[in-house]
Amino acid sequence: MDEGGAGHDADPASVLLTILDVNDNHPYIQSPDNSYAKIMENSDPATVGPIPIQLGDLDTQINGCPCTLQFDSSTSADIISKFSVEQIDAELSLYQLKPLQKLDREQQKFYHIPFRTSDSKNFQGTRILNLEVGDMNDSPMTDGSSTIEVFNYQGQFPAMVIGSVYVSDLDDHDVGDKTFEIDPATGPETELYFTVDHDSGNITMKKGTPEGEHALVVKVIDKFRNETAYGTVKIVVTDLTEEAVMNSGSFTVNNYTALELITQQDLASTGTSMYDRLKDEIGKVHGISSSDVFIFGLDDVTEGVEVRYNCKSPNFFTAPRLNGQFLLRRQQIMQSLGIDIPMVDINKCLYESLSPCDLSSCQQYLRPNLTHPLLLTSETSTVVGVDITAEYVCSCGPLEPLPSVCYDSFCYNGGKCDKVNNTLTCICPDENDYGPRCELLNARFERGYSWYESFKVCENSSILLSFKSTESKGILMYAGPMVSRPWADYPRDFLYVVINQKILETYFDFGTGTMKIQIPLLELDKPYNLRMDWDNETITFEVPYCMGNTTVENPDCKVSQNLPGLKAKSFLLNVQGPLQLGGVAAMESFSKLANSYGWSLTPPTIDPFFGCILELRHNEYLYDLNSTDYGKYTYMPCDAPAAVRIVLGEQSIIIIVVSLLCLLLLVLLILCLARRRQKSVSYPELDGIVKESIGATDLEGYGEKDIDQFDLKLLRVGPNGHLFNGEINRRLPDVTEDARATKAPLAKMPEGLSIGDFLDDYIKKVDKEPSEYDDVRHYCFEGDEMSIASLSSIGSGSSSDNENVFDTNDNWGPRFEKLKNIYHRDSDEEEDSEYDFNVPRQPKRYSLQSTPEKKSPTRDPAAESSSSADKNPSGPNAHSPTVTFADPGTQGSQEGLLPKDSQDTHEAINPMANFKLGESKESWC
């Protein structure tokens, strides 16, 4: 009050307000500080000092202490059995907590003990005391392994600690007792980029470390326990490009922290953390390996964790593909992992209720932190990611001013940046198909589709779509939901443009109501430009010259309408999901979507577009139609050649299958007929007697010189040394150089056996076979126990050869085992054929007789051999393998080489009986 009138002498007035206390607080734990205490493990309870607990109350003394404390009714029996609480001073509200038994940290690290506190007015509540069991180095140390994933943004991370060495040890705070050093098992390249602190075991990655997998082996020594173990660390470094981060996919996982996501459920194995399982599920969504999935952003929020990721196969994916595919399979992922994913594509601009710009334009911008990466560490897993901050700009223009210096990604599609008059320009592959920054303007769709980044959220929007089609139906564009409403505030907005019976129809809903606008198209196979403009009140659609090339505008080519529900504040186009051009991918039907989102009109289902999109522009943003990585039957640019596609109907497939079956049956029939025509003569009685061995080889063998063919008629030799079947009457040369005519015992052959018929059949058979065979040698000696007739000695020839002793070397090898058995001095038994003939047995060294004479079957051939050897011990054939031949007067059989008069034993016929020794270097058998 100004009593003097001037107001200068008045004192300032003061008012005293008294606030009365209401008893609305129950006592709290004043000490220990922060309700935290610690007791060392393995300590005797008698030696552990009690923990004092002081209670306090925020209310006035009337409503405050003295206070009381006791175990809460929710306290577990385990805690009650291990601890006791006692009152020390009731007036001071002082209590103490004592352990009743030894505590083991490896069994339980923390105890959260609930207490019931009450004040003097009996106002009660619950307070928690956090008790930690202190660690002692009492557990053994063994080898361990761990994994560190480093996502190096643009390769710009500085030298920094990325984790520590892990060995299996239940003790947590015994690092001071250990030393760490890199083991020689570590490769030299790994040592070049990583260092390990000797005392702490911290691993430092140097700047410029190349991407790839690095294996680090560290020797750990526990000095206190005198133990040694080895820690193996697998470090996987991945370079992330700016595009990989800016076009990343995102989602939220509720009821988890970032550390809980990367913690392995089983420390003895890998791949059991939720982090690893998420990578597996994302890999299944896109049909790639989990090693190509990179989760580099984990940010703790109020209700869970925000996850950012990308995939690479072979290039990094785009955000529309990542978020769209994940949303389509969100329900399956949640069921498989047992988690809650409340949001996909974390962008507040898409939700008008969450938008930081309210009802104005909104853009999201991701800003990576280059100096402080994201570091999350558990016992066996560490993730060094990218710390990303999402910023929002309330405008629709460029987020940053145009640069003044060229850089690699300024021009798209391989364009070359150039600076002209202080303005950056791009030199593109051609001028017709590309925009100012080499954006590809056009693409051809053959009933396919492609996904692109959706429209930005803008107050005043303008869309220009140029197209050309020869068909009267087709989907030009769809932007909107692909699944029924996945969560409560999911946007309902959509924009759908189609050609339906030569009428351009547009269905849209900006959150205020569903509308439909139609514009007729008089002609096809010509370019049209559709322009859409809208603000917070009206929307306008225009197709210039929709009724033909006339100089006068037709009013039907332009339609303007007021937006429905103007009283509602929602008029922005908030579209979550990809912009789909040319068609739509597999998604729920429009009838289900209309029912889920409350659209008043149900858009029609139209066939995909067949034609060219010539240009798409939203406000000042020109779409690069080559910026898609998900679609099919899309060819860029519009005049690009199309891949040849053969579409087989059901009838075509049936015809092809039947034709193949008929062809198979025909081949089988031909093979059967050809097999039936082949005649095979079988001589079972000759099995084991006559064996034919014909070989074809490129190596020197048989006759020591390869020739093209040989004549099987050489096998048709009669007992007198002449050919059969009317061939030229000539003798055959012997392979030996010299031989003496003598006699051999005559073998007995079974009756009815015809060697001639057998050879005739095989001559015809062999004549039909290819003729590139080696020659056949005809040897006249096969051992003294030959069943039919013995042959002349292989070793017969010059005197020098005859003086050789064949058994001077017993080790002839497996290839000459037969010869060894024939010529070995001490061997008296030879391999017989499967048929037994009563042939007189003779020693191998039976000498040739100088004068042929007839042998009686009863004479002792061994005695004669011995006598002959005594008479001429030094003769030219004294040591040569010999054979005895029959009397030349005996007539042989042309069919079976048998004499006319068959006896129990017979002498073999000698075709050399009349051939004098030394008459020729070649001899006859």
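Results for (1) open to solvent by less than 10 Å² (accessible area, probe 1.4 Å); (2) closer than 30 Å to L366 by Cα; (3) not in a strand (DSSP E or B), shown as yes or no for each residue.
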| site | (1), (2), (3) |
| --- | --- |
| T209 | yes, yes, yes |
| E213 | no, yes, no |
| R225 | no, no, yes |
| Y230 | no, no, no |
| I235 | yes, yes, no |
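Can you pull out the residues in the stretch 513-537 that are touching a Ser or Thr at 6+ places or on another chain (Cβ under 6 Å) and of a type in the set (S, T, N, Q)? Once the filter is applied, which keeps residues that are touching a Ser or Thr at 6+ places or on another chain (Cβ under 6 Å) and of a type in the set (S, T, N, Q), the stretch 513-537 yields T514, N529.
Within the stretch 351-361, identify whether any single residue is free of Cβ contacts under 8 Å to residues at least 12 places away in the same chain and within 35 Å of the chain's Cα centre (by Cα), and answer yes or no. Checking the stretch 351-361: not a single residue is free of Cβ contacts under 8 Å to residues at least 12 places away in the same chain and within 35 Å of the chain's Cα centre (by Cα). Only residues that are of a type in the set (G, A, S), over 14 Å from L97 (Cα atoms) and open to solvent by 50 Å² or more (accessible area, probe 1.4 Å) were counted in the stretch 25-75, giving 2.
Give the residue, chosen from S596, S652, that is among the small types (G, A, S), farther than 24 Å from Q501 by Cβ, in a helix (DSSP H, G or I) and at pLDDT below 90. Matching residue, one of S596, S652: S652.
Within the stretch 634-643, restricting attention to residues that are in contact with a strand residue (DSSP E or B) (Cβ under 7 Å, 6 or more places away or on another chain) and at pLDDT below 85, the residue that is surrounded by the most Cβ atoms within 10 Å (Cβ to Cβ) is A640.
Restricting F467, F455 to residues that are buried (at least 18 other Cβ atoms within 10 Å of the Cβ), not in a strand (DSSP E or B) and not β-branched (V, I, T) narrows the list to F455. Those strands (runs of 3 or more DSSP E) of the stretch 94-158 in which 1 or more residues are within 45 Å of the chain's Cα centre (by Cα), farther than 30 Å from V236 by Cβ and modelled with pLDDT of 90 or more occupy 110-118.
Using the structure shown, decide if K219 is modelled with pLDDT of 95 or more and charged (D, E, K, R). Considered against the rule, which asks whether it is modelled with pLDDT of 95 or more and charged (D, E, K, R), K219 comes out as yes.
Consider the stretch 371-413 and keep the residues that are among the charged types (D, E, K, R) and assigned to a loop (DSSP other than H, G, I, E, B). The one that is surrounded by the fewest Cβ atoms within 10 Å (Cβ to Cβ) is D408. Listed conditions (1) in contact (Cβ under 8 Å) with a residue 12 or more places away in the chain; (2) at negative phi; (3) not aromatic (F, W, Y) are all met by E191, apart from (1).
Kindly indicate the residue of the stretch 76-93 that is of a type outside the set (D, E) and within 57 Å of the chain's Cα centre (by Cα) and also surrounded by the fewest Cβ atoms within 10 Å (Cβ to Cβ) among those meeting that condition. Among them, the one singled out is A77.
Among the residues of the stretch 600-633, those identified as open to solvent by 30 Å² or more (accessible area, probe 1.4 Å), touching a Gly at 6+ places or on another chain (Cβ under 7 Å), within 27 Å of Q518 (Cβ to Cβ) and part of a strand (DSSP E or B) are P608, F610. Checking each residue of the stretch 91-110 against the condition of being touching a Pro at 6+ places or on another chain (Cβ under 8 Å) and more than 28 Å from D44 (Cα to Cα) gives at least one match. Listed by first and then second residue, the pairs with beta-carbon distance under 7 Å, at least 6 apart or on different chains, first residue in the stretch 412-434 and more than 16 Å from L622 (Cβ to Cβ), second of a type in the set (F, W, Y) and open to solvent by less than 50 Å² (accessible area, probe 1.4 Å), are C417/F410.
Can you tell me which residue in the stretch 525-536 is surrounded by the most Cβ atoms within 10 Å (Cβ to Cβ), limited to those that are more than 48 Å from the chain's Cα centre (by Cα) and in a loop (DSSP other than H, G, I, E, B)?
Applying the filter and picking the extreme gives N536.
To keep it simple, each residue is scored yes or no on (1) closer than 30 Å to N315 by Cβ; (2) modelled with pLDDT of 55 or more.
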| site | (1), (2) |
| --- | --- |
| L616 | yes, yes |
| Y630 | yes, yes |
| R645 | yes, no |
| L660 | no, yes |
| R677 | no, yes |
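In the set (1) open to solvent by 70 Å² or more (accessible area, probe 1.4 Å); (2) under 19 Å from I499 (Cβ atoms), the condition left unmet by N562 is number (2).
The values are calculated or read from the model by the stated rules, or taken from the named source; none is laboratory data. Predicted, not measured: the structure shown is a model, and the values here were computed from it. Virtual Cβ from ideal backbone geometry, glycine too; neighbours counted across all protein chains shown. In case anyone asks, the SASA skips ligands and DNA or RNA and just uses the protein heavy atoms, side chains included. Shrake-Rupley method; radii C 1.70, N 1.55, O 1.52, S 1.80 Å.
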